[in-house]
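Enquirer: Got a structure here, written out as structure tokens. Questions coming.
The values are calculated or read from the model by the stated rules, or taken from the named source; none is laboratory data. Quick caveat: nothing in here was measured; it's all calculated off a predicted structure. As a convention, Cβ positions derive from the backbone with ideal geometry for all residues, glycine included, and neighbour counts pool all protein chains shown. We work out accessible area using only protein heavy atoms, side chains counted, and drop any ligands, DNA or RNA first. Shrake-Rupley method; radii C 1.70, N 1.55, O 1.52, S 1.80 Å.
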Amino acid sequence: MNRLDHDEVHLHIDAPAESLYDLVSDVPRTPQWSPEVISCRWLDGHTEARAGARFLARNKKRWFAWSNRPVVRTAERGREFAFTRTERGGGTILWFYRFTASGTGTEVEHGYRVLRPVPAALHIVLRVLLGVGDLRDDLHQNMTTSLRRLAGVATGSARPAPAEPA
């Protein structure tokens, strides 16, 4: 079993860094590119990204759905959007999008860093109940899919996200 520590994926997207930041920091839009997030909404009266703002994210993997309440950690337009996700029995993970201007577009880095380890028991539950044989690989694939879909949304070439297999 591969324990999580950190990972990231990169993609050049032909869009300005500020526009990409505006997309990913508008958390209610996350289901447009995420293969696992099915809804997001701001909490506690927040309406935009800023450090300390919380949002409710609803995720789904196959038949199992769950919610979590991430907290925005970094909100620097055109540079970085990051949030932490802490769950009982699920550790704490810092998720981020980083943007670097590059030629006619932006190099986007999407990744995570584990701040408090995901318990081994969760890896086993995911394997047995949801067929996730390698959580690190599953998250890597999801991040890759997210950036490809984000590129489609940002450049206007997005196709509807395929339905997740049952």
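Enquirer: Restricting to segment 1-46, name every residue that is over 14 Å from the mean Cα position of the chain (by Cα) and hydroxyl-bearing (Ser, Thr, Tyr).
Expert: Ser19
Enquirer: Could you tell me whether Ser34 is open to solvent by less than 50 Å² (accessible area, probe 1.4 Å) and among the small types (Gly, Ala, Ser)?
Expert: Spelling it out, Ser34 is indeed open to solvent by less than 50 Å² (accessible area, probe 1.4 Å) and among the small types (Gly, Ala, Ser).
Enquirer: I would also like to ask the following. Evaluate the following for Val108: is it crowded, with 18+ Cβ neighbours inside 10 Å, touching a helix residue (DSSP H, G or I) at 6+ places or on another chain (Cβ under 9 Å) and modelled with pLDDT of 95 or more?
Expert: yes
Quick grid of which residues meet (1) surrounded by fewer than 19 Cβ atoms within 10 Å (Cβ to Cβ); (2) among the hydroxyl-bearing types (Ser, Thr, Tyr); (3) in contact (Cβ under 8 Å) with a residue 12 or more places away in the chain; (4) within 24 Å of Ala15 (Cβ to Cβ):
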site	(1), (2), (3), (4)
Leu43	yes, no, yes, no
Ala49	no, no, yes, yes
Gly52	yes, no, yes, no
Arg58	yes, no, yes, no
Arg62	yes, no, yes, no
Val71	yes, no, yes, no
Ala75	yes, no, yes, yes
Arg79	yes, no, yes, yes
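Yes or no, residue by residue, for (1) modelled with pLDDT under 95; (2) over 19 Å from Thr145 (Cα atoms):
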| site | (1), (2) |
| --- | --- |
| Arg3 | yes, yes |
| Leu23 | no, no |
| Val37 | no, no |
| Arg50 | no, yes |
| Phe55 | no, yes |
| Lys60 | yes, no |
| Glu87 | yes, yes |
| Thr92 | yes, yes |
| Trp95 | no, no |
